Amino acid sequence: MKRSLLALALAVLLLLIAGVGTATASPPAGQSSSQLAGSEQDAGAAAGSAQQESSNTSEPVRVLSPGDGGSVSQTNEASSDATAANSNGTNQSAEQAGGSGDQVVGQSALNAQTAFALGLTVQRDPSNENESMRVLSPGDDGDVSQTNDASSEATAANANGTEQSADQTQAGGHCCGDGGSQIVGQSADSEQNAAALSATEQEKPSNTNVSIRVLSPGDSGDVSQENTASSDATAANANATKQAADQTQAGGSGDQIVGQSAENDQQAAALSATKQEKPSNTNVSIRVLSPGDDGSVSQSNQASSSATAVNTNATLQKAEQEQAGSSCKCEGDGTQLIGQSADSDQKAAALSATKQEKPSNTNVSIRVLSPGDDGNVSQENTASSDATAVNSNATKQSADQMQAGDSCRCGSSGTQLIGQSASNSQEAGALALTLQKGASNENSSIRVLSKGDDGSVSQSNAASSSATAANSNATLQKAEQEQAGGSCKCGSDGTQLIGQSAQSHQTAAALAATVQAEPSNSNAPIRVLSHGDDGRVSQSNDASSDAVAANWNGTLQSAEQSQAGGSGVQVIGQESKNGQAAAAAALTAQLGAANENAPVRVLSPGSGGSVSQSNSASSNAIAANANWTGQHAAQVQGGENAVGKHGCCGAGVQVIGQSSRNWQEAGAFALTLQLGRKQPCRCGDDSGLGNSNTPIRVLSHGNDGSVRQSNTASSDATAINWNATKQHAGQLQSLSERCGCGRLDGVQVIGQQSTSGQGAGSLAATFQLDAVNALAPERKESPGKLGPRSQLGSEAADDAAGSSAATEQSRDQVQGR
């Protein structure tokens, strides 16, 4: 027997809540199917590593022993890896076929996943030492590689995939008069939590290489020294849900009800911290009466941390209902209801912190009566932290309803209802902190009666932090309703209702802060009775921070209703709400950065290489919101496109209401501080922020290279809002003389509302104090030319705040044609 609409709606509600069903009230021919899938997963991982006072020592000594030395490789490593992962896949499928009985399908899938990973590494006092001594022992030395590595990695990941499919069919295409009811209820819930923590501490790692030659000609190999501390934490959640329901009745007055619910809750948190204290690299090369070339020297201290928290969700809901098959001769006056709900809640937080204290690189080359060339010298101290928090959500809802197929000869007076709701909530927060204190690079080359060329010298201290918080959401809602197909000769006086609601709320906050205190680079080659050329010198101290907070939302709502004619009712309501808030702050402080180049020549003709010295501090903050909304509604009653050349009149009621609301706020703040400090070691110069180049020549003819000195401080803050709204509504009621319609008394109503509120604020501030560029060449009876010089001290602040909104509304109403 035919059930009432209230009873059917109650049955669907019970299916969605309980996930199971019992067809106790169904007739004997009824079918009932219920499926319940529950999954609960917990994963935990912990890894710890501690290494204390590990050391590698090599001390080859040669006395009156000519020969070559082999390569030396020394390494101390401490690492920990922790991984916690959950994976779940659920597939539910139900198919029912029969006559005029009732068909009920209930499917419920529950998933709960929790993953936690912890990785900790401590390495204290690792050391590598290589000492090579040669006395009256000619020969070549091999390459030397020394490394201290401490690292930790933590990964927590959850993955879930759910697919639910239901097909219901009553009486094939040639059968009429089905009065059975079809009910499908599908519910998919996913909850995911991921947390990852990674921490690394490396204390007092050191690499020492000493090469001493006395009356021992020969070449030295390349030297590579590195201290590295790093930590990586990744927390990730991924969820995909697909729900599909198909209902088909050959005709008659049966009821079709589809209810689909998908809920997603994701939380990801990642924390990464790295501390590197007093790492040092020392290379000493001493030659006495030992001609030969020295290899290249590469020294680096690196501390880094990276934290990434990611949530991604994709939901697809599709429902199709059809009454009166393609060959059915009967009228369709049943009730079709589709309800779809998709909710997504995502939270991502990432924190990355790096501290590097007193890293130092020292290279000393001493030659006495030992001609030869020196290799290139590269010295680097780097501290960096990266924090990334990202949420991504995509929702697609599709619903199709049709009564009276293409070849049906009768009208349709049934009721069609579609309700779609998509709700999205996203929060992302990223914090990156970097501290570099007392970083120093020192290169000293001393030549006495040792002609030869010096290699290039590159010295750099870099501290940087980057924080990115981003939210992305895309919602697509599509609904189509059709009564009485293209060849229908009769009117349709049924009721068609479509309601669509899309809501999105997004918050993104990013903070990046960098402090670089007292970084210094020093190059002081000395030549006595040692003619030759100096290599190029590049010295830089860089501090930077970048913060980006971004939100993007796209919503498309489409609704179409078609009736062959008659006095039916068509109602479409569309509502879109979007709220976005983005805040970004970038802070950079550079204190007492100094570069010093002081070559000294005594009775040593030769040319000096080019000199480049720079101190730069910058901060960049960007807060951006972007929203796009498209609403499209079309209603047709009668007309040739709907009912063919012999169409019927449209005299029903058509109502369209569209509402779009957008609220956006963006704030960006960038602050850069570049300050000097006092250094007692410099006579007549109390400022510590700056560049100093003081070449001294005594009885040493030759040319000096070009000199470029710069102190740069800059800050950029940008806050942007962008919103675009397009609303289109079309209504058509056709008057056909062939149908005998003399007048048209239909009602057409269209209401459109678009509201946009935007606020943007940005502030950029730069402070540069005691910036000094000093160039003081001194020549005593040393003919030659001074190279070109370039000195620059600049500070800049740039803030930009802007909002842009574009609204397009169009409406078309046609009666009679």
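On the basis of being assigned to a strand (DSSP E or B), modelled with pLDDT of 85 or more and open to solvent by less than 60 Å² (accessible area, probe 1.4 Å), does Q41 make the cut? If you could, list the steps in order and put the result at the bottom.
Working: assigned to a strand (DSSP E or B): yes; modelled with pLDDT of 85 or more: no; open to solvent by less than 60 Å² (accessible area, probe 1.4 Å): yes.
No, not satisfied.
For region 55-70, does any single residue satisfy the condition of being surrounded by fewer than 16 Cβ atoms within 10 Å (Cβ to Cβ) and under 23 Å from S152 (Cα atoms)?
Yes, there is a match, as at least one residue in region 55-70 is surrounded by fewer than 16 Cβ atoms within 10 Å (Cβ to Cβ) and under 23 Å from S152 (Cα atoms).
Could you list, in sequence order, all residues of region 71-101 that are touching a Gly at 6+ places or on another chain (Cβ under 6 Å), crowded, with 16+ Cβ neighbours inside 10 Å and of a type in the set (S, T, N, Q)?
S80, S100
For region 507-540, name all the residues that are surrounded by 24 or more Cβ atoms within 10 Å (Cβ to Cβ) and more than 30 Å from G452 (Cβ to Cβ).
A508, A510, L511, A512, T514, Q516, P519
Is there a residue in region 780-793 that is in a strand (DSSP E or B), surrounded by fewer than 18 Cβ atoms within 10 Å (Cβ to Cβ) and at pLDDT 80 or above?
Yes.
Hey, can you tell me all the residues within region 253-264 that are over 46 Å from the mean Cα position of the chain (by Cα) and open to solvent by less than 10 Å² (accessible area, probe 1.4 Å)?
G254, D255 - these are the residues of region 253-264 that are over 46 Å from the mean Cα position of the chain (by Cα) and open to solvent by less than 10 Å² (accessible area, probe 1.4 Å).
As an exercise: evaluate S458 against (1) of a type in the set (G, A, S); (2) open to solvent by less than 10 Å² (accessible area, probe 1.4 Å); (3) at pLDDT 95 or above and give the number of the one condition it does not meet.
(2)
Just name the residue that is nearest to P138 (Cα to Cα) out of those in region 265-299 that are of a type in the set (S, T, Y) and buried (at least 22 other Cβ atoms within 10 Å of the Cβ).
Ranking the candidates gives S290 first.
The values are calculated or read from the model by the stated rules, or taken from the named source; none is laboratory data. As the structure is a computational prediction, the values presented were derived from the model and not from experiment. Note: ideal-geometry Cβ built from the backbone for every residue, glycine included; neighbour counts use all protein chains shown. We work out accessible area using only protein heavy atoms, side chains counted, and drop any ligands, DNA or RNA first. Shrake-Rupley method; radii C 1.70, N 1.55, O 1.52, S 1.80 Å.
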